[in-house]
1. Helix-only estimate, please: 222 nm mean residue ellipticity of the chain, summing -39500 (n - 2.57) across DSSP H runs of length 4 or more and dividing by its residues, to the nearest 500.
2. Which whole number in µm²/s is D for the chain by Stokes-Einstein, with the Kirkwood Rh taken over Cα pairs at 37 °C and 0.692 mPa s?
3. With axes computed from alpha carbons, what is the tilt in degrees of helix 47-62 against the longest principal axis of the chain, rounded to the nearest 10 within 0 to 90?
4. Please sort 11-17, 1-7 by packing, taking for each peptide the average over its residues of neighbouring beta carbons within 10 angstrom, highest first.
5. Kindly state, to the nearest 0.05, the FRET efficiency for Gln8 paired with Asp68, given R0 = 30 Å and r defined as their beta-carbon distance.
6. Below 15 angstrom from the Cβ of Thr51, what's the summed charge of the other residues (Lys, Arg +1; Asp, Glu -1)?
7. Hey, fewest Cβ within 10 Å first, where do Ser56, Ser46, Ser63 land in order?
8. Would you mind getting the Kirkwood hydrodynamic radius of segment 15-57 from its Cα pairs, rounded to one decimal in Å?
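Read-outs: derived from the displayed coordinates by stated rules, not from any lab. Keep in mind that what you see is a predicted model, and the values were worked out from it rather than measured. Note that each Cβ is placed from the backbone with ideal geometry, even for glycine, and that neighbours are counted across all protein chains shown.
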Amino acid sequence: MKCVICKQAETRAGTTTVTLERRGATLVFKHVPAYVCPNCGEDYVSDAVATELLQSAEALAASGTQVDIRSYAPAL
Ligand SMILES: [Zn+2]
């Protein structure tokens with residue numbers, strides 16, 4: 001699809017790093033599947049993946065984790 005931010009390029013399948021903050025916890029997920037704009041670098045994560053990341057972030061924050069960096073692992 002065409003990038004909605006810069007409207008200059010088609011996004012390409014790739015991966016990105018997503019940082020989430022939840023209840024004071026900072027959580028970084030690497031290698032998250034996304035579509036990335038080669039022009040401006042904007043990334044587009046699917047709703048399903050975004051929801052999954054938020055749920056993981058909630059669970060980690062609830063368990064008392066302050067900082068966590070992990071590779072994204074798709075739910076089976
Ligand atoms: Zn763009």
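1. The helix-only estimate for the chain comes to -7000 deg cm²/dmol at 222 nm.
2. 250 µm²/s
3. 20 degrees
4. 11-17, 1-7
5. Taking R0 as 30 Å, the efficiency between Gln8 and Asp68 is 0.30.
6. Working: positive: Arg22; negative: Asp47, Glu52, Glu58.
Here the count lands on -2.
7. Ser63, Ser46, Ser56
8. Values: mean 1/r = 0.0915 Å⁻¹.
Mean inverse Cα-Cα distance, inverted, gives 10.9 Å.
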